[in-house]
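The values are calculated or read from the model by the stated rules, or taken from the named source; none is laboratory data. Everything quoted here is computed from the prediction, not taken from an experiment. Here the Cβ positions follow ideal geometry from the backbone for every residue, glycine too, while neighbour counts run over all protein chains shown. Surface accessibility is based on the protein's heavy atoms, side chains included, excluding ligands, DNA and RNA. Shrake-Rupley method; radii C 1.70, N 1.55, O 1.52, S 1.80 Å.
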Amino acid sequence: MIAEQLYPAELAKFIASSPTAFHAAASARDLLSKNGFTQLDEQAPWQELPTGKYFILRNDSSLIAFIWQDQANRPRYLEMIGAHTDSPCLKVKPKPVLKNWNCLQLGVEIYGGALLRPWFDRELSLAGRVLWHETGSTELHSSLVDFQRPIAIIPNLAIHLNSEANKMQEVNRQTDMVPLLALTEEEEPDFLSILVKQLQSQESQESQGALPQQIKITDHELFFYDAAPPALLGLDEQLLTGARLDNLVSCFAALQALLVAANGTAQGTAQNCMIILNDHEEVGSTSLAGADGSFLRDILERLLPDPGERQAMLRRSLLISADNAHALHPNFFERHEPQHQPLMNKGPVIKMNANQRYATNAATAARFRLLCEQAKVPVQEFVVRNDMGCGSTIGPLTAAKIGVDTVDVGVPSLAMHSIRETVACKDCWYLYEVLRTFFCAAE
Ligand SMILES: [Zn+2]
């Protein structure tokens with residue numbers, strides 16, 4: 001169990017080691033493995049699981065982990081926490097290399113609803129997943145790659161060449177957002193061989209056994225990210241600023257709560273707890289690994305094959321869907337509903353929406369409120385102004401998919417979907433405290 005003073009630094013470490021959804025899932029896998037969780041394979045048949053701690057990865061980017069009791073202690077209900085591993089960013093196109101004059105640039109697609117302006121003039125690094133095979137073989141392997149240093153920049157245009165720059169100006173998603181990687185005299189720079197070199201140097205550093213001498217990368221899913229790690233900020237270091245706080249703050253809190261609950265298992269006090277960390281939330285969740293896909297339903301069907309028994313258990317269960325909320329921005333306070341202005345440092349936010357963009361209802365809000373009281377954590381509410389659009393999250397999709405009562409909550413944050421977002425350290429701790437209470441308190 002992490003102490004409150006150490007929590008922000010541990011969270012920052014988790015975020016820094018998770019530059020992409022693939023890496024976030026790998027960070028979660030490492031943490032769980034280190035704490036005695038067993039990985040299950042979706043491609044193999046499962047026998048009836050004995051009491052224990054388990055996790056499953058899908059697409060290398062989504063993860064479900066749980067504490068499970070054996071048949072004799074078959075659960076009456078399942079406490080669930082959901083969050084997402086992905087964040088808006090720039091994804092390298094399949095054929096990305098652009099040689100413009102002597103500039104080597106990479107074409108990117110915009111992943112999710114990114115706030116684009118803050119990506120200019122940043123030190124960017126690159127990470128993701130590559131598929132490769134040994135020359136002469138057709139056996140494919142998948143590896144994570146991370147340059148871990150600034151290798152690119154999207155330079156702004158000087159104000160002398162654009163005197164309108166400080167007025168609201170549209171960013172052209174095709175022509176303006178093209179990272180610069182190098183100055184080169186090469187006619188046709190070979191991006192794949194740059195990747196191979198990076199992979200080989202990485203493998204030797206990590207001493208995971210050397211790669212074969214001759215490998216060929218066939219495909220990649222690579223994302224640019226802010227090379228600057230998260231930082232504690234403010235006169236009293238009350239704030240945490242960094243990339244991907246939406247939604248790694250919630251992933252980390254869910255993981256830590258599960259680890260504490262797993263300790264309870266050893267002492268025979270654990271409940272049946274599950275965390276679901278989904279990829280692809282930022283692009284609508286309809287995918288192999290997303291909340292609007294089959295992942296969770298498939299796992300639940302394997303755990304409880306009897307449909308009646310499964311449905312009854314789910315109808316007795318609660319899902320806390322944790323995803324960041326909008327804190328009141330002191331410079332733009334008029335953008336908030338006057339009666340619902342979440343403040344930083346004042347605890348997790350219950351998110352509500354009459355049009356079901358959030359899954360919260362009075363019954364689930366009340367349960368969360370009581371949990372906060374039990375955990376001695378303050379709690380706030382958010383609804384969007386009627387003259388503005390409302391975001392959404394995995395809560396409504398999961399609730400609809402498996403029929404589980406759901407509450408949407410989150411840590412209040414500033415600059416959501418920017419390359420750097422800001423939250424209060426105290427709120428991250430509060431979220432963890434209430435999730436821990438959820439998993440550990442006897443019903
Ligand atoms: Zn989110």
- Query: Looking at the stretch 317-364, which of its residues are surrounded by fewer than 14 Cβ atoms within 10 Å (Cβ to Cβ) and either outside the structural domain of ILE275 (by TED's automatic domain parsing) or in contact with an Asp or Glu (Cβ under 9 Å, 6 or more places away or on another chain) (or both)?
  - Reply: GLN339, ALA363
- Could you please let me know if ALA365 is within 16 Å of the ligand (Cβ to nearest atom), of a type in the set (A, V, I, L, M) and closer than 13 Å to ASP408 by Cβ? no
- Task: Test ASP86 against the stated conditions and say whether it is of a type outside the set (Ser, Thr, Tyr) and away from the ligand (no atom under 16 Å from the Cβ).
- Result: no
- Message: Let me spell it out: the conditions are (1) more than 29 Å from SER418 (Cα to Cα); (2) loosely packed, with under 12 Cβ neighbours inside 10 Å, and SER137 meets all of them except one. Which number is the exception?
- Response: (2)
- Task: Name the residue, out of GLU206, GLU164, GLU187, GLU170, that is under 17 Å from TRP101 (Cα atoms) and at pLDDT below 95.
- Result: GLU187
- Message: Which residue is surrounded by the most Cβ atoms within 10 Å (Cβ to Cβ), if the candidates are limited to the stretch 1-31 and must be within 21 Å of GLY290 (Cβ to Cβ) and hydrophobic (A, V, I, L, M, F, W, C)?
- Response: ALA21
- Message: Looking only at the stretch 35-64, count every residue that is of a type in the set (A, V, I, L, M, F, W, C), closer than 12 Å to PHE295 by Cα and in contact with a Phe, Trp or Tyr (Cβ under 7 Å, 6 or more places away or on another chain) and tell me the total.
- Response: 2
- Identify the single condition in (1) under 26 Å from the mean Cα position of the chain (by Cα); (2) away from the ligand (no atom under 16 Å from the Cβ) that LYS376 does not satisfy, given that it satisfies every other one. (1)
- Message: With the requirement that a residue be open to solvent by 50 Å² or more (accessible area, probe 1.4 Å), free of Cβ contacts under 8 Å to residues at least 40 places away in the same chain and hydrophobic (A, V, I, L, M, F, W, C), what does the stretch 79-127 give you?
- Response: TRP101
- Quick one: PHE382 ticks every box in (1) aromatic (Phe, Trp, Tyr); (2) more than 15 Å from the ligand (Cβ to nearest atom); (3) farther than 22 Å from MET1 by Cα except a single one, so which number is it? (2)
- Query: Going through the stretch 291-303 one residue at a time, which ones are part of a loop (DSSP other than H, G, I, E, B) and surrounded by fewer than 19 Cβ atoms within 10 Å (Cβ to Cβ)?
  - Reply: ASP292, SER294
- Scan the stretch 267-290 for residues that are crowded, with 18+ Cβ neighbours inside 10 Å, away from the ligand (no atom under 16 Å from the Cβ) and among the polar types (S, T, N, Q) and jot them down. GLN271, ASN272
- Task: Given the conditions (1) surrounded by 22 or more Cβ atoms within 10 Å (Cβ to Cβ); (2) more than 14 Å from the ligand (Cβ to nearest atom), report the number of the one that SER413 does not fulfil.
- Result: (2)
- Scan the stretch 206-251 residue by residue and report those that are closer than 26 Å to LEU431 by Cα, open to solvent by 40 Å² or more (accessible area, probe 1.4 Å) and part of a loop (DSSP other than H, G, I, E, B). ALA228, PRO229, GLY234, LEU235, ASP236, GLU237, GLN238
